[in-house]
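Quick notes on the structure that follows.
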Amino acid sequence: MAGDLRGAVLVAGTTSDAGKSALVAGICRWLRREGVRVAPFKAQNMSNNSVVTVDGGEIGRAQAMQAHACGLEPSVAFNPVLLKPGSDRTSQVVVLGKADGQVSARSYRDRTAALLSVVTDTLADLRARYDVVVCEGAGSPAEINLRATDLANMGLAQAADLPVLVVGDIDRGGVLAHLFGTVAVLDPADQARIAGFVINKFRGDPSLLEPGLEQLRALTGRPTYGVLPWAERLWLDAEDSLSAVADGVLGRPAPPHGSQWLRVAVVRSPRISNATDAEALACEPGVAVRYVTEPSRLLDADLVVLPGSKATVGDLEWLRRTGLADAVRAHAAAGRPVLGICGGYQMLGRRIVDPGGVEVPGGADVEGLGLLDLEIAFDAGKHLGRPSGHGLGVPVAGYEIHHGRVVHSGDPTLLHSEGSGEGSDTGAVLGTHWHGLLENDDFRRALLARVAAQAGRSGFRAAPETCFAAERAAQLDLLGDLVEQHLDTRALEHVISHGAPVALPVLASGLAGSAP
């Protein structure tokens with residue numbers, strides 16, 4: 001039946017990080033293998049991990065990953081509204097790939113009515129062009145205080161006539177209560193769209209869980225469509241870098257090819273963005289990558305990485321306040337390598353100027369770490385691009401997302417693109433505005449060989465066969481396998497094509513119907 005399937009479904013979650021992004025990617029991968037023309041969609045995402053699309057816009061990285069699961073290039077249509085937090089109270093709004101002002105949590109509510117039409121029109125266009133669209137919710141639909149202006153959960157389900165699956169993470173504990181409670185707090189019209197449940201990250205004996213699932217069905221009238229097992233191999237393309245525990249090793253590094261490991265410390269600042277740049281390093285055998293938040297963790301690092309930031313000036317102040325700025329300087333002074341990417345690159349320079357208040361209201365003129373002969377000025381417009389060129393003697397490609405513009409650079413360049421230089425390379429300290437650079441296998445190997453030499457790790461050998469694109473594809477295939485093997489795919493097809501079952505029970509609670 002899958003080849004003739006047409007329809008759409010929304011995957012919501014009991015919480016953030018419940019597994020919505022992974023489940024959507026898995027469903028997309030499974031459907032594509034079944035011959036279905038499928039596309040992902042997330043009406044509104046809040047993330048500082050983003051990519052540049054082929055149509056020249058910016059979307060959340062999770063939707064780019066889901067597009068790859070569908071065999072598609074990322075498009076702004078897959079994530080029409082993206083919120084990029086610059087502080088605890090404000091976010092930049094990106095609409096159809098382009099920055100469209102700053103909002104507070106309260107002022108954003110005034111824009112949601114207009115944005116709802118953008119969202120529904122974009123989804124309608126996707127549904128006309130593809131057999132199936134698999135939508136991802138945001139946060140949880142049980143955030144009933146936000147229901148009146150919701151664009152991504154039940155608001156979207158009602159506006160676009162979508163059935164809803166709710167996924168819960170059993171590893172957090174209390175998953176049955178989470179699933180029941182998510183339905184119970186919704187009003188009757190929203191409850192009618194909840195078709196059933198999926199449980200994520202299960203470890204143990206499934207027979208012990210089965211009685212709970214039967215009780216959940218008896219209480220709600222809704223089935224559990226499957227229980228996805230814990231899969232430790234799944235770690236690439238994290239939606240939110242803050243879900244990665246500081247000081248823990250990123251990914252599952254294989255043993256080194258040589259006799260020594262390389263140790264990489266990635267500074268996790270409060271407004272870190274595109275932290276996934278470090279994931280390509282973590283795919284390499286013998287490379288142990290850690291997110292760090294305090295200076296002692298730099299002492300034994302062979303390479304320090306300053307990744308991107310949505311608040312470069314604020315995160316630079318945080319580096320100074322925590323002592324990490326001095327630790328980075330000491331690391332470089334000892335001749336050990338430091339790599340800055342985008343905002344991290346800007347921090348390594350002598351001066352950052354924000355004359356128009358792009359990041360800092362009223363403007364700013366601050367000293368950088370002084371490790372590069374570099375001066376940066378913020379422009380009101382955001383630069384987006386997908387450049388290519390050469391670096392370290394090999395072809396490279398990447399993508400750019402930044403307001404900062406180089407107004408002076410006195411160091412040798414790291415990259416060459418379209419007849420001009422990009423980035424800086426002083427030997428021990430190097431930086432670039434390009435994200436995704438480390439996903440270029442030959443460049444990454446050349447960089448690791450240089451880092452090993454500078455750090456005195458003569459026993460390290462870069463693995464010649466590591467292919468980052470293949471690693472990502474293998475994880476997407478694993479997600480597709482999990483869906484195919486552990487979900488009731490025939491029942492899922494029925495929900496996609498026919499919607500939620502009619503006459504589902506309405507669960508009573510003291511909250512249902514009480515939200516404004």
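The values are calculated or read from the model by the stated rules, or taken from the named source; none is laboratory data. Note that the coordinates shown come from a computational prediction; the quantities given were computed from them, not determined experimentally. Note that each Cβ is placed from the backbone with ideal geometry, even for glycine, and that neighbours are counted across all protein chains shown. For the accessible areas, the whole protein counts, side chains as well, though only heavy atoms, and no ligand, DNA or RNA atoms are used. Shrake-Rupley method; radii C 1.70, N 1.55, O 1.52, S 1.80 Å.
For A452, all conditions in the list (1) in a loop (DSSP other than H, G, I, E, B); (2) surrounded by 19 or more Cβ atoms within 10 Å (Cβ to Cβ); (3) touching a residue at least 40 places away in the same chain (Cβ under 8 Å) hold save one; what is the number of the exception?
Evaluating A452 over (1) in a loop (DSSP other than H, G, I, E, B); (2) surrounded by 19 or more Cβ atoms within 10 Å (Cβ to Cβ); (3) touching a residue at least 40 places away in the same chain (Cβ under 8 Å) leaves (1) as the failure.
Considering only the stretch 352-410, state which residues are over 23 Å from I59 (Cα atoms) and of a type in the set (D, E). Break it down stepwise before answering.
Quick first cut of the stretch 352-410, residues over 23 Å from I59 (Cα atoms) only: 352-357, 360-377, 389-395, 406-410.
Those that are over 23 Å from I59 (Cα atoms) and of a type in the set (D, E): D354, D365, E367, D373, E375.
Does the stretch 34-56 hold any residues that are in a loop (DSSP other than H, G, I, E, B), touching a residue at least 40 places away in the same chain (Cβ under 8 Å) and more than 12 Å from A77 (Cα to Cα), and which are they? Give the derivation first.
Applying the first criterion (in a loop (DSSP other than H, G, I, E, B)) to the stretch 34-56 yields 34-37, 42-43, 47-49, 53-56.
Adding the requirement that they be touching a residue at least 40 places away in the same chain (Cβ under 8 Å) leaves 36-37, 42-43, 47-49, 53-56.
V36, R37, S47, N48, N49 - these are the residues of the stretch 34-56 that are in a loop (DSSP other than H, G, I, E, B), touching a residue at least 40 places away in the same chain (Cβ under 8 Å) and more than 12 Å from A77 (Cα to Cα).
Sort out which residues of the stretch 197-210 are over 14 Å from A177 (Cα atoms) and either out of contact with any helix residue (DSSP H, G or I) (no Cβ under 6 Å at 6 or more places or on another chain) or among the aliphatic types (A, V, I, L, M) (or both), and write them in order of number.
Restricting attention to the stretch 197-210, the residues satisfying the condition of being over 14 Å from A177 (Cα atoms) are 200-208, 210.
Correct list: N200, R203, G204, D205, P206, S207, L208, E210.
Conditions: (1) more than 18 Å from G381 (Cα to Cα); (2) of a type in the set (A, V, I, L, M); (3) out of contact with any Lys or Arg (no Cβ under 9 Å at 6 or more places or on another chain). A39 meets all but one. Number of the miss?
Of (1) more than 18 Å from G381 (Cα to Cα); (2) of a type in the set (A, V, I, L, M); (3) out of contact with any Lys or Arg (no Cβ under 9 Å at 6 or more places or on another chain), only one is false for A39: (3).
Among helices (runs of 4 or more DSSP H) lying entirely in the stretch 68-170, which contain 3 or more residues that are modelled with pLDDT of 95 or more and under 22 Å from the mean Cα position of the chain (by Cα)?
Values: elements: 105-108, 112-129, 154-160.
So the answer is 112-129.
If I go through the stretch 488-515 residue by residue, how many of them are charged (D, E, K, R) and either at pLDDT below 95 or surrounded by fewer than 18 Cβ atoms within 10 Å (Cβ to Cβ) (or both)? Steps first, please.
To start, the set of residues in the stretch 488-515 that are charged (D, E, K, R) comprises 488, 490, 493.
Among the residues that remain, those that are also either at pLDDT below 95 or surrounded by fewer than 18 Cβ atoms within 10 Å (Cβ to Cβ) (or both) are: 488, 490.
Number satisfying all stated conditions: 2.
Given the conditions (1) open to solvent by 30 Å² or more (accessible area, probe 1.4 Å); (2) on the phi > 0 side of the Ramachandran plot; (3) under 27 Å from the mean Cα position of the chain (by Cα), and given that D442 satisfies all but one, which numbered condition is not satisfied?
Result: D442 fails condition (2) only.
Has the stretch 87-94 got any residue that is open to solvent by less than 10 Å² (accessible area, probe 1.4 Å) and hydrophobic (A, V, I, L, M, F, W, C)?
yes
Tally up the residues in the stretch 113-152 that are in contact (Cβ under 8 Å) with a residue 12 or more places away in the chain, surrounded by fewer than 18 Cβ atoms within 10 Å (Cβ to Cβ) and either closer than 23 Å to T14 by Cβ or among the aromatic types (F, W, Y) (or both), please.
Counting residues in the stretch 113-152 that are in contact (Cβ under 8 Å) with a residue 12 or more places away in the chain, surrounded by fewer than 18 Cβ atoms within 10 Å (Cβ to Cβ) and either closer than 23 Å to T14 by Cβ or among the aromatic types (F, W, Y) (or both) gives 3.
Give me the residue from the stretch 1-19 that is more than 17 Å from P229 (Cα to Cα), modelled with pLDDT of 95 or more and small (G, A, S) and, out of that set, farthest from the chain's Cα centre (by Cα).
Here the residue is G7.
May I ask you to list the residues in the stretch 184-208 that are in contact with a strand residue (DSSP E or B) (Cβ under 9 Å, 6 or more places away or on another chain) and open to solvent by less than 10 Å² (accessible area, probe 1.4 Å)?
Initially, the stretch 184-208 is screened for residues in contact with a strand residue (DSSP E or B) (Cβ under 9 Å, 6 or more places away or on another chain), giving 186, 190, 193-203, 206.
Of everything in the stretch 184-208, those that are in contact with a strand residue (DSSP E or B) (Cβ under 9 Å, 6 or more places away or on another chain) and open to solvent by less than 10 Å² (accessible area, probe 1.4 Å) turn out to be L186, D190, I194, A195, G196, F197, V198, I199.
Confirm whether L10 is touching an Asp or Glu at 6+ places or on another chain (Cβ under 9 Å) and in a helix (DSSP H, G or I).
Numbers: touching an Asp or Glu at 6+ places or on another chain (Cβ under 9 Å): yes; in a helix (DSSP H, G or I): no.
Criteria not met by L10.
Counting just the residues of the stretch 340-352 that are hydrophobic (A, V, I, L, M, F, W, C) and within 22 Å of the chain's Cα centre (by Cα), which one comes out surrounded by the fewest Cβ atoms within 10 Å (Cβ to Cβ)?
Narrowing the stretch 340-352 to residues hydrophobic (A, V, I, L, M, F, W, C): 341-342, 347-348, 352.
So of that shortlist, the ones also within 22 Å of the chain's Cα centre (by Cα) come out as 341-342.
Working: I341: 29, C342: 25.
My answer is C342.
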